[in-house]
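Some notes on the structure that comes next.
The values are calculated or read from the model by the stated rules, or taken from the named source; none is laboratory data. None of these values were measured; they are calculated from a predicted model. Reconstructed Cβ throughout: ideal geometry from the backbone, glycine too, with neighbour counts over all protein chains shown.
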Amino acid sequence: MVSAPEHQDTLVRQQVYEVTSAVGTPPAIADLALATHLPEAKVRDSLQRLSAGHVLVLQEQSGEILMAAPFSAVPTSFVVHTPRYRTFANCIWDALGIPAMLQETAVIQTACGCCGERLAITVGPDGPEAADGIIHFAVPAARWWEDIVFT
């Protein structure tokens, strides 16, 4: 049997990803409360539990969503242009995930971490087009959650 908090968390998580996929940015707590018919305090509780489970990352001060992977709620250096909108990814890994998640072709724009040169790549639902270059991960995947915002 599903407990009330688990049901709330599922409802909030579903709403977060429905909105984020539709518009390219995570919803605010007030909007989640309206959409789910839950009090803001219950939404905040769900967001805290989802954050503790590494489903979302919250902003420290406000408790609003910072990351609903692969989407970022704030501008980053990984800009993803889809047929529907321009959005931001948290890192190159997440930028590659947005076209796959949306099942759309997108153009990812970023810059070289070493020299700052502008970089762009077209990525379809099945992966990137052939191109020269490499993707560098400064932190091993096993350590990403040690400081996910830095990673």
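Is it the case that segment 127-134 has a residue that's part of a helix (DSSP H, G or I), exposed (fewer than 13 other Cβ atoms within 10 Å of the Cβ) and not assigned by TED's automatic domain parsing to the domain that holds Val43? No, the conditions are met nowhere in segment 127-134. Per the conditions (1) among the polar types (S, T, N, Q); (2) under 18 Å from the mean Cα position of the chain (by Cα); (3) not assigned by TED's automatic domain parsing to the domain that holds Gln15, the sole criterion not satisfied by Ser51 is (3). Taking residues in segment 101-125 that are closer than 20 Å to Thr20 by Cβ and in the same structural domain as His81 (by TED's automatic domain parsing), and partners anywhere that are of a type in the set (Asp, Glu) and loosely packed, with under 13 Cβ neighbours inside 10 Å, the pairs with Cβ atoms closer than 8 Å and at least 6 places apart or on different chains are Val123/Glu129.
Within segment 1-35, the set of residues being more than 20 Å from the chain's Cα centre (by Cα) and of a type in the set (Val, Ile, Thr) comprises just one member, Val2.
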